[in-house]
Structures are given as structure tokens and as C-alpha cells.
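First the structure, in the form of C-alpha cells, and then the observations on it.
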Amino acid sequence: MGGDIVCGWGETMDLDLVTFELVLSDAAPFSGNVCQLSGICYCIREVCLARKELPVKPSAQSLKPALWISLMYLIFGCFWIVFSDQLLAVLAPDQRSLPQTLKGLFYVGLTSVLLWGLVNAFWQHIRQQEAYFRLLFSENALAMWVCDETFQVRHVNRTACQLFNISEPAWMGQTLTALLPDTSAQLFQHWIDQGMPVSGVTFTLLQGDSLRYVHIGQQPLPLSLGRRHTHHLFRAEDLTERMQAEHHQERLTQELLEHNADLMAFTSLTSHLLRVPAANIQGLLVLYEQASEGEKQAIIAHLRTSSQELEQAIQQLNHIVMARHSVQTAVEWVHLGTLFAEVQGLLAEPLESLVPQISFDLQVPQVQTLKSSLRTIFYHLFSNTLKFRCPERPLTVCISSRQTPQGVEISFQDNGLGIDLERYSKQLFLPYKRFHTANYGKGLGLYLVATLSRFLGGEVTVSSQLGKGTIFSLLLPDLHNQHIPEASPATDKVSK
Amino acid sequence: MAESPLVLIVDDDPINNFICEKMILRAWKEAQVSSFTNPIQALEKLQTIPTASIFPAYIFLDINMPEMDGWEFLATYAHIPESVRQGCAIYILSSTIDPADIDRANHYPLVSGFVSKPLTEDKIAALQIPDCA
């Protein structure tokens with residue numbers, strides 16, 4: 001016997017669990033007796049049946065080798081019988097017998113059919129193994145490759161070729177370090193030098209414009225494929241989408257936290273805004289009950305003022321709420337000059353008496369943003385300019401826009417009272433902060449400006465000199481870096 | 001209660017000051033009430049008072065004010081000699097509903113208590129009036 005056939009079932013006798021292993025140590029199979037062979041045939045047939053769901057069909061081509069082998073055997077066998085009979089006739093003519101010849105020919109015919117069946121079954125089996133290999137390795141969704149002890153690639157699967165964008169022939173006989181870009185190759189080599197810790201290595205891979213995160217793990221393959229050395233099975237996983245999802249999640253959490261903090265601020269703001277006039281109205285009503293005629297008139301006047309304040313407070317709160325819910329509003333091109341003209345229309349009443357000198361220097365005439373939010377920012381910045389003008393000199397306002405590396409910067413410069421930034425810079429954009437006693441306000445305008453700027457993905461900064469004037473600058477990021485509308489996670493990847 | 005207590009109101013809201021003046025006069029007919037809408041001016045006035053006898057017996061102080069808030073007012077107020085201000089009770093009079101503000105008012109050493117706006121006769125009556133020297 002030149003080989004062994006090892007056949008084993010799982011304990012349950014479930015045919016799906018049948019394992020079949022064949023070890024051939026030389027090329028001389030099947031010289032044993034028929035009983036033994038038929039038993040083996042049975043095993044093979046069962047295994048083949050159990051695995052018939054695999055996409056292997058016995059095609060004409062797959063039958064060919066079996067046919068060839070048995071035909072060769074048949075021809076050789078028949079030739080041998082005829083030749084040996086002829087030889088016998090020459091050497092010992094009296095011994096020649098036709099039935100003996102026929103018996104020999106029949107035996108050769110019978111065994112050649114058997115041989116055909118066996119070879120065919122083994123051929124099928126090899127095809128099954130190939131199909132398994134294809135499913136498990138070549139077509140696995142996990143990128144895999146097998147290296148020998150010098151880390152030269154021996155096998156590589158399709159996913160690995162796609163992931164690293166290296167063709168299969170290019171892998172063969174190469175080390176991966178030679179195929180990767182510099183930084184990735186160094187990291188990979190370092191990982192190998194460290195003895196390939198189980199945790200694997202994650203590195204970034206730049207493919208075209210997109211950055212991919214690839215995690216590589218390894219396990220030794222103690223196969224003795226004719227060699228004594230251990231091979232390594234590497235598997236690489238593309239973590240890009242998972243990392244993106246994580247980043248997205250982190251950003252959402254951050255946004256939620258900010259939103260929560262904003263909500264807290266908003267709640268306290270609401271209480272202030274509404275509580276002040278409401279408390280006044282309550283107090284005035286209590287006073288009214290026992291008031292003299294003269295007092296009543298004053299009380300009514302105050303009641304009127306308080307109720308107006310209440311109305312204004314509600315409108316302002318509405319502004320803020322609307323600003324917070326304008327997430328769905330579409331981004332559009334906004335012409336800055338036109339928008340400012342709209343704001344001037346809203347402030348027509350104070351403008352009529354003030355007639356400020358307004359100059360424009362719009363190097364960037366239009367920006368892509370949320371119009372309603374930008375309008376509210378303009379409104380509050382401009383109305384602040386009007387409120388905090390210097391009474392001793394005519395008001396001049398300069399509105400400018402320019403492109404900076406960070407985005408478009410829009411500036412409001414005035415020659416008003418100015419702000420004592422040393423004292424107030426920390427509180428300037430907080431709600432319910434007022435810095436001038438001369439002009440009564442709610443302390444909301446700049447809070448709203450800051451909130452909306454943040455919402456637009458930008459920020460507002462201030463520089464001022466007391467008694468000289470103030471410059472408010474609004475930096476709006478270029479839209480492709482911006483968060484509105486919901487940016488696709490791929491566009492804001494951090495680079496390592 | 002002192003015969004004719006001096007009462008000072010510091011709040012930037014003139015309507016609140018109007019209400020407070022009227023309410024205090026209803027509660028204490030003899031009271032002399034003055035009010036400031038600017039806390040800095042109020043402090044300047046207090047700093048010029050030389051003796052305890054003509055120092056206000058009560059101060060009603062708002063928290064949210066422009067330029068200087070109630071807490072900043074108190075920090076500066078602490079520099080007035082104790083001999084002058086010892087007879088004065090300060091009440092925080094605010095519309096806040098922020099528990100942190102209320103808590104801070106109740107635990108601030110110089111502050112006698114927290115009163116929620118609007119000030120009414122009932123609330124004045126409920127104040128724990130300390131003994132006046």
C-alpha cells in the first residue's frame with residue numbers, strides 16, 4: 001500500500017460534519033483488493049454527496065482525467081494479455097488456451113471500470129478542496145495572505161489585492177514591506193521586528209484622496225508543506241468605516257453635550273427674560289389695589305412698559321428657538337450687500353434719525369451659508385453698532401469681507417463707544433450680560449450672534465478700543481469643510 | 001424695627017425700583033427709601049457715609065446688572081469699614097430661579113437673605129429683621 005486514506009465522521013454522524021483527508025505519499029494508488037477499495041469508494045461517495053451543495057458540477061472536462069487513466073490502463077492491460085498470449089504460444093504452444101485469454105481480458109476490462117470510478121471520485125474530491133480553498137481563502141471578505149518564513153508572499157486573496165491595490169502577480173515572492181508606502185511599511189516592519197504582538201498593528205493607507213485605516217493581524221501556520229519552517233497567515237481588516245462611525249459617534253456625543261449645555265443656558269435665559277417683566281407686572285398689580293389716583297396712572301404706564309418687555313422677550317426667545325431649529329434649512333448663496341440692505345430695512349426706524357455713514361469693502365461679495373442665521377447675526381451686530389454709538393461724533397460703519405485660509409471673514413467696524421475688553425472679554429458672548437448702563441438692553445444680542453456663528457461652523461471675534469470703536473469679525477468656514485448640512489464622515493477625517 | 005429706617009435699593013430696572021419704593025413705604029410708613037439704577041454710583045454714595053447712624057439699615061440688591069453685578073457689588077462693599085456698615089442688612093432681590101444663585105445668596109456672609117421679585121408687603125413682613133443698633 002503506497003498511501004493512506006483517512007476518513008472520519010463527526011460524533012453525530014451528521015454528513016455535513018464529515019471530514020475527509022487524503023494523504024498520498026507516492027504515485028501508486030489502488031493496488032489493494034476490491035473489497036477494501038469498494039469500502040473506500042463508499043466513503044468517497046458519501047463525502048461527495050454531503051458536499052454536493054458546493055458549486056462543483058461534474059463537467060465533461062472534469063471527467064477527462066479519469067477516462068484517460070482508465071483507458072490507458074485498459075489498453076495497456078489488453079496489450080499485455082494479447083502480447084503475453086502470443087509469447088506463450090511461441091514458447092509453449094501446447095499451453096495456449098482461449099478461455100484463459102478471455103478471462104484475462106475480462107479482468108482488465110472490469111478493473112479499468114473500477115479504476116475509472118475511483119479516479120473520478122478522487123478528482124471530484126480535489127475539485128471540492130479547490131472550491132473550499134476558493135471560498136475560505138481566495139474569495140474571503142477578509143484580506144488574507146500567506147507568507148513563508150522570510151515573509152515573502154506565497155498566496156494572496158482577492159480582497160487583499162483590492163485593499164492594498166496591488167495586483168496578485170506583484171505580491172508573489174515579495175515582502176509586504178516592499179509593497180507598502182514608506183510610513184506604513186515602517187510601521188509594519190516594526191511590528192514584525194517586535195515579534196508580531198497579538199494585538200496586531202493599525203496603520204493608515206492613503207489611496208487616491210481617501211485615507212483608509214487598515215488593521216493587520218497574524219497567526220502562525222505550522223504546516224510542513226515539504227519544509228520545516230513555519231508560514232504565517234496574515235489577515236488585514238479595513239477599519240475605515242468603523243473608525244468613521246466611531247468619529248461620527250464622538251462628534252454626535254460632543255454635539256449633544258454642547259446642545260445640553262446650550263439648553264441649560266437657554267433655560268436660565270428664559271427664566272431671566274420672562275421672569276423680570278412678569279415679576280414687575282405682578283408687583284405693579286399688587287400696588288394698584290391700594291393705590292391713589294395719582295399713583296394709578298404711573299402704575300398703568302409701568303404696566304404698559306412691562307407688558308411690552310414681555311412681548312419683546314417672547315419674540316427674542318422665538319428668534320433663538322427658530323435659530324436652533326433651522327438645521328434643515330438649505331444652504332444657499334447669500335449676497336452680503338443684499339442681506340445688509342434687508343437688515344437696514346429692519347432697522348429703518350433708528351436709522352432715520354441717525355443717518356450713519358456706511359461704507360462697503362466686500363472683496364468676497366457672496367458666501368454659501370444659511371441665510372436666516374446670517375441675517376440675524378447681521379441684525380444684532382448692526383443694531384449694537386447703532387445702540388452703542390458715540391453721541392459726540394457722527395456714526396461711521398464699515399462692512400468688509402475677505403477670503404482667509406480659514407474661510408470668509410466678514411467684519412463690522414464702527415467708531416462707537418467701544419468695549420472695555422480687559423474687563424468684559426470673557427463675558428461678552430454670555431447671555432444676559434450688559435456692559436453699558438446708558439442703553440437698556442436684554443443682554444442677548446451678542447449671545448445670539450455667538451450661538452449662531454457656532455451653528456454656522458464659524459466663530460465671532462471682537463477687537464475694540466474704549467472710546468474709539470469696535471470691530472466684530474465673523475469667520476465663516478468654506479463650505480466644503482463645514483458641518484452644514486450634515487457633512488459626510490469621509491470628508492473630515494483626521495490624519496495621523 | 002428702627003423708627004425711620006434708611007432703605008437703599010440697587011437695581012438697574014427702574015420699574016422694579018418704583019415697585020420697591022412703594023411697597024416699602026406701605027410696609028414702613030416712616031422709611032426713607034432711595035434707589036440707584038447704577039450699582040457703581042450706589043457704592044460711591046455708600047463709601048462717603050462716615051458713620052453708622054446715617055448708613056442704610058437695609059439694602060435690596062439685584063444680581064443681574066450691567067457693568068457690575070450683585071456679587072461684584074458685595075465684594076467692593078466689603079471694603080467699607082465694618083464699624084460703619086455693621087447695622088446694615090443686605091437682601092438679594094432677584095428674579096432668578098437658578099438654585100445656584102439662591103444658594104449662594106443664602107450662604108454669602110454679608111447677605112441676610114434672598115427675596116424673589118416682586119417685593120411685596122408680605123415679603124417685607126416675613127424678613128427676619130435683625131436688631132438695629
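Taken together, the values in this text are just the output of simple stated rules run on the coordinates, not laboratory data. All of these numbers come straight from a predicted model, not from anything done at the bench. Cβ atoms come from the backbone with ideal geometry, glycine included; neighbour counts cover every protein chain shown.
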Solution diffusion estimate, µm²/s, Stokes-Einstein, region A:175-294, Kirkwood Rh from C-alpha pairs, 20 °C, viscosity 1.002 mPa s: 104 µm²/s
Label-to-label distance, nm, for residues given as A:Q282 and A:C390 (7 Å Cα→Cβ offset): 4.4 nm
Test item: B:23-32 mean partner chain Cβ contacts at 10 Å: 1
Global form of region A:143-238, assessed from the alpha-carbon gyration tensor, a/c cut-off 1.5: prolate
Computed Kirkwood radius, in angstrom, where 1/r is averaged over Cα pairs of region B:27-85: 12.4 Å
Long-range HN-HN contacts of B:V115 with modeled amide H, under 5 Å: B:I92, B:L93, B:S94
Whole-angstrom gap from region A:458-479 to region B:50-83, using each part's C-alpha centre: 36 Å
For residues of B:53-64, the mean tally of beta carbons on other chains within 10 Å: 1
Peptide ranges A:286-298, B:76-88 listed from the most packed, as the mean C-beta count within 10 angstrom indicates: B:76-88, A:286-298
Local net charge near A:S353, Cβ-Cβ under 15 Å (Lys/Arg +1, Asp/Glu -1): 0
Radius, Kirkwood style, for region B:6-126 when every pair of distinct Cα atoms is counted (Å): 14.4 Å
Estimated FRET transfer efficiency (A:A178, A:L221; beta-carbon r; R0 25 Å; 0.05): 0.70
Anisotropy class of region A:300-420 from Cα gyration tensor, a/c 1.5 cut: oblate
For region A:243-324, fraction of C-alpha pairs farther apart than 15 Å, in %: 68 percent
Hz values of 3J(HN,Hα) by residue in region B:18-23 - Karplus curve (6.51, -1.76, 1.60), Gly and Pro given as x: 4, 4, 4, 4, 5, 5
In nm, spacing of pseudo-spin labels at A:Q129 and A:T267 (7 Å Cα→C-beta vector): 7.1 nm
